[in-house]
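See below for the structure under consideration.
Quick note: the coordinates plus some simple rules give every number you see, no bench work behind them. None of these values were measured; they are calculated from a predicted model. Positions of Cβ are generated from backbone atoms using ideal geometry, with glycine treated the same way; all protein chains shown enter the neighbour counts.
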Amino acid sequence: MTAPRKPEGYLDGRPLRPESLMMSYGYSPALSEGAIKCPIFQTSTFVFPSAAAGKAFFEVAYGLRPPREGEKEALAYSRLNNPDLEVLEDRLKLWDEAEACALFESGMAAITTTLLALLSPGDLLLHSEPLYGGTDHFVHHVLPRFGIHAVGFHHDATAADLERLLEGAPGKLAMVYVETPANPTNALFDIALCAEVARRHRTPDRRVPVIVDNTFLGPLWQHPLAHGADAVVYSATKYIGGHSDLIAGAVLGSKELMAPVRAMRTFMGTMAGPWTSWLLLRSLETLKLRMTCQMKNARYVADFLADHPAVERVYYPGHLSEGTAQHALYRRQCLAPGAMISFDVVGGEAEAFRVLDALKLIKLAVSLGGTESLAEHPYTMTHADVPPEKKRRLGLTEQLIRLSVGVEHPEDLIADLGQALKV
């Protein structure tokens, strides 16, 4: 079903850009009665042309032998592969220029399957703080049941700081997991620095991959693989899906690293189905349009909030002060500030709740990256499970509101925030 990037990804010898390839890459209308869009292959199983073909498929699928020269992967069962899934993975990997991609039925399925595939009992996971609440819970409440332990680090940690954190567990580091920008503080973490530390702890038997959750900036505004990460993770529910009508996740990286992740996905059954894959194919066609509009809108909204007397502080990459380490990192690592804004209102939980309850155009809901603007209260919602003392240490205050800016007119969003902040 899929095809190599050459010559499909080229026009007169010139490489086509991802936003152009989103319309057709990896799919030929000739394969499906001339349909211009890839159909939904709503089937659980596929017919083998012969018993020998079935035997050959499972020999490769179960690792009994490597693929032969020129041997193409067959279709057998939708828990293993599906045409919609294959086309989607081919297209999504173009944005990050990744060798391989695996799609999942949720962002947490992508994260948990990857961690379980690449970590073993006795391993140590070094991770950025704060993490999304679901990830934080899995890392600190589920992985320890399998003998896997974790230690966190702040965005201003140096390489020496990270090494000190690892002194008590020599030879145990098995992964560096980074969420940047962090949810919900928008703190930036240095991917290259993490890759440098990981390299120092690699051995012939232990790779120590750097995994980056790039959900907040999406595949447009940050490319972790280009900065030394080994894999990039997305909650595809967010900007990639972009319409608040599906749940999905994705992991991208080298073929070597992705092999155990894809194998674990097969046996855990966490892959995306054909309907989810088809919806994501639809969404990829407008990804750049949507994210560009949201990013531009967020600039206006962030400027308004920064000047409002009822707002104590705004957390937004586009407002980082020149001369600071965070600003330098932003200029080096990010292509744009994205569309996520967090801000502290003057007061506490009661004042934050009053603002949230007064919003009219902006919807009070968790999630992010959809066409509509959403606002939520991280302290009591997405990060409710994080211990209070840890929240305080990481700057997750009771007065903090997280805002995902959508594609509405920016003046209308500002008007809504203005009237809500008057309450």
query = How big is the gap, in Å, between the Cα center of the stretch 13-51 and the Cα center of the stretch 122-171?
reply = 41
Proximal lysines relative to LYS422, as straight alpha-carbon distance under 27 Å, when same-chain residues fewer than 8 apart are discounted = LYS296, LYS360, LYS363
Debye, to nearest 20: dipole size of the chain, +1 on Lys, Arg Cβ, -1 on Asp, Glu Cβ = 820
ask   = Under a plain spin-label model, where a point goes 7 Å from the Cα along Cα-to-Cβ, how far apart in nm are MET381 and GLU163?
value = 4.3
remark   = If the chain between MET268 and LEU11 were fully extended at 0.36 nm per residue, the gain over the current Cα-Cα distance would be 88.5 nm
message = Positive end of the dipole of the chain, charges at C-beta (+1 Lys, Arg; -1 Asp, Glu), about the Cα centre: which of LEU31, LEU320, GLY54 has its Cα farthest in that direction?
response = GLY54
Cα-based radius of gyration of the stretch 287-421 once divided by 2.2 N^0.38 Å, which approximates compact folds = 1.03
task = Mean Kyte-Doolittle of at least -0.5 plus a Cα span of 27 Å or more along the axis: flag which DSSP H helices in the chain meet both, please.
result = 287-306
key: Inter-label distance, nm, simple model (7 Å from Cα along the C-beta direction), ARG65/ARG79   = 2.5
request  = Give me the distance in nm between label points sitting 7 Å out from Cα along the Cα-to-Cβ direction at THR371 and GLU285, one decimal.
outcome  = 1.3
query = So how many Å³ per residue does the convex hull of the Cα atoms of the stretch 250-353 work out to?
reply = 195
ask   = For the stretch 80-284, what Kirkwood radius comes out of the mean inverse Cα-Cα distance, in Å?
value = 16.9
request  = Starting from one equal scatterer on each C-alpha and no solvent at all, send me the Debye-based log10 I(q)/I(0) for the stretch 79-164 at q = 0.19 Å⁻¹, two decimals.
outcome  = -0.99
message = What does the extension gain come out to for ALA192 and ARG393, with contour length at 0.36 nm per residue minus their alpha carbon separation?
response = 69.9 nm
query = In whole Å, how far is the Cα centre of the stretch 267-305 from that of the stretch 186-202?
reply = 27
message = Can you return the lysines within cross-link range of LYS172? Criterion is Cα-Cα under 25 Å, with same-chain partners fewer than 8 residues away left out.
response = LYS255, LYS390
inquiry  = Per 0.36 nm of contour for each residue apart, how much would the distance between ALA325 and MET23 grow if the chain were fully extended, relative to their Cα-Cα spacing?
reply    = 104.8 nm
ask   = Tell me, ILE414, ILE148 in order of fewest to most beta-carbon neighbours within 10 Å?
value = ILE414, ILE148
task = Please list, or write none, the aspartates and glutamates whose alpha carbon is within less than 16 Å of the alpha carbon of LYS238, excluding same-chain residues fewer than 8 places away.
result = GLU105, GLU179, ASP213, GLU285, GLU372, GLU376
message = At q = 0.12, 0.14 Å⁻¹, what log₁₀ I(q)/I(0) does the chain have when each alpha carbon counts as one equal point scatterer in the Debye sum?
response = -1.01, -1.31
